[in-house]
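Worksheet: one structure, shown below.
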Amino acid sequence: MAEKKSEFPALKNDRLLRAARGESVDKVPVWAMRQAGRYLPEFREVRAQYDFFTMCRTPEVACQVTLQPLDRFPLDAAIIFSDILVVPQALGMEVQMKPGEGPVFPSPLSGPEDLDRLCNPKDVCAKLQYVYDAITLTRHKLDGRAPLIGFCGAPWTIMAYMIEGKGSKTMSNAKCWLYRHPEASHRLLKTITDATIAYLVGQVKAGAQLLQVFESHAEHLGPNLFQEFALPYLKRICDEVKDQVAALGLQDIPMTVFPKGGHFALRELGRLRYEVVGIDWTVDPILARQLVGPNKTLQGNLDPCALYADPIQIDSSVKEMVEKFGCERYIANLGHGMYPDMDPRHLAAFVEAVHTHSTK
Ligand SMILES: O=C(O)CCc1c2[nH]c(c1CC(=O)O)Cc1[nH]c(c(CC(=O)O)c1CCC(=O)O)Cc1[nH]c(c(CC(=O)O)c1CCC(=O)O)Cc1[nH]c(c(CC(=O)O)c1CCC(=O)O)C2
């Protein structure tokens, strides 16, 4: 795949990239996980016309909805419209998105013998070309307004969906594998990791300017299982993506790891090569800073439900958050994604408050 970076319009707002690299900024950059989505009426209009994965697979539509929140709010980043579950799809698993229910795998992995059903991880890139095309198109259409974030799910989180077949309160089926089939679990995690590394390098080639790895189900592991079944794979992803990007002669791009519910792992994650560590709203910013150390950028962490409050309350919650994090080495975000019933005007209040309370 050809290097497309030089063909793209120049970046006019580099706050996010500067903050990720620990450089000073005029104000704290802000974006929101799930900033393109059902809480926006213009998204729901498009969603009414297409199945969810058809939206992901149609670069013009994915680009259109990626840009919708940027047209409304002065956000400092766009995140490509896609889902973490496109990787298990590319590995050969069927995933349906059922309105009101979420993702469903009709035939989840029921035991180690099912690993033979998975495709070769080397083949995922060709199957995910539509994501690369959406990234390249969106970089052009963004016209340098803000950097474009690419993303993926972390191996444990993807493994959990492949075995549970849907969201789960306990992840007991997936955790059963960790205790009963540790060797097969590592084989599965390695397959997902190999696919993910290739997928993320492809996103950089296509034009992604920062990569975020979502370990959305860290909370189910606890320190010991995280150490064995999550940390080594998160490390490999960062090391190998960075090494491969360098070997291709491409510019190094910042990477973020977001271990939702994984406060017990922040110290170890602070020792990896990720420039940014995302934290959810259950971790105090001062403690997070102590755990990851001074040389990482922190991202987060307003309780998403704080957006149900009125804009005056949102302003004071954001002021407190910014004071705790400080204006250096910090990217403002929610501690998890937007919910479908949120008022877009309250996200506007969040974004405005971050910029107001962090302007030098
Ligand atoms: O803003 C953008 O451009 C990208 C938005 C985005 C979508 N999926 C993800 C992102 C990136 C981001 O968060 O900014 C990533 C993602 N998908 C899932 C997870 C795991 C999880 O939620 O547990 C993640 C990682 C981030 C995170 O932790 O939130 C898995 C997932 N995908 C969907 C659902 C159902 C739902 O209703 O949200 C789930 C959770 C399943 C569960 O375990 O309970 C579907 C989905 N993905 C995106 C959207 C758009 C939107 O938020 O409205 C949807 C809803 C689909 C629909 O319209 O029916 C986009």
Inset, instruction - Report whether or not Leu16 is more than 16 Å from the ligand (Cβ to nearest atom), among the hydrophobic types (A, V, I, L, M, F, W, C) and either outside any loop (DSSP other than H, G, I, E, B) or crowded, with 16+ Cβ neighbours inside 10 Å (or both). - result: no
Inset, instruction - Check Ala10, Ala32, Ala2, Ala36 and return the single one that is modelled with pLDDT under 95 and either surrounded by fewer than 21 Cβ atoms within 10 Å (Cβ to Cβ) or small (Gly, Ala, Ser) (or both). - result: Ala2
Legend entry - Residues of the stretch 37-78 that turn out to be free of Cβ contacts under 8 Å to residues at least 40 places away in the same chain, within 9 Å of the ligand (Cβ to nearest atom) and among the charged types (D, E, K, R), as a count: 2
Legend entry - Criterion (away from the ligand (no atom under 16 Å from the Cβ) and in contact (Cβ under 8 Å) with a residue 60 or more places away in the chain) met by exactly one of Thr297, Thr356: Thr297
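Condition check ((1) in a loop (DSSP other than H, G, I, E, B); (2) of a type outside the set (A, V, I, L, M); (3) within 15 Å of the ligand (Cβ to nearest atom); (4) touching a helix residue (DSSP H, G or I) at 6+ places or on another chain (Cβ under 6 Å)) across all residues:
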site	(1), (2), (3), (4)
Pro103	no, yes, yes, no
Pro106	yes, yes, no, no
Tyr132	no, yes, no, yes
Thr136	no, yes, no, yes
His140	no, yes, no, no
Phe151	no, yes, yes, no
Lys166	yes, yes, yes, no
Asn173	no, yes, yes, yes
Cys176	no, yes, no, no
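Rundown of residues vs (1) in a helix (DSSP H, G or I); (2) charged (D, E, K, R); (3) buried (at least 18 other Cβ atoms within 10 Å of the Cβ); (4) out of contact with any Phe, Trp or Tyr (no Cβ under 7 Å at 6 or more places or on another chain), yes/no style:
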| site | (1), (2), (3), (4) |
| --- | --- |
| Lys190 | yes, yes, no, yes |
| Pro223 | yes, no, no, no |
| Asp239 | yes, yes, no, yes |
| Val257 | no, no, yes, no |
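The values are calculated or read from the model by the stated rules, or taken from the named source; none is laboratory data. Every value quoted in this text rests on a predicted model; they were computed, and no experiment measured them. Note that each Cβ is placed from the backbone with ideal geometry, even for glycine, and that neighbours are counted across all protein chains shown.
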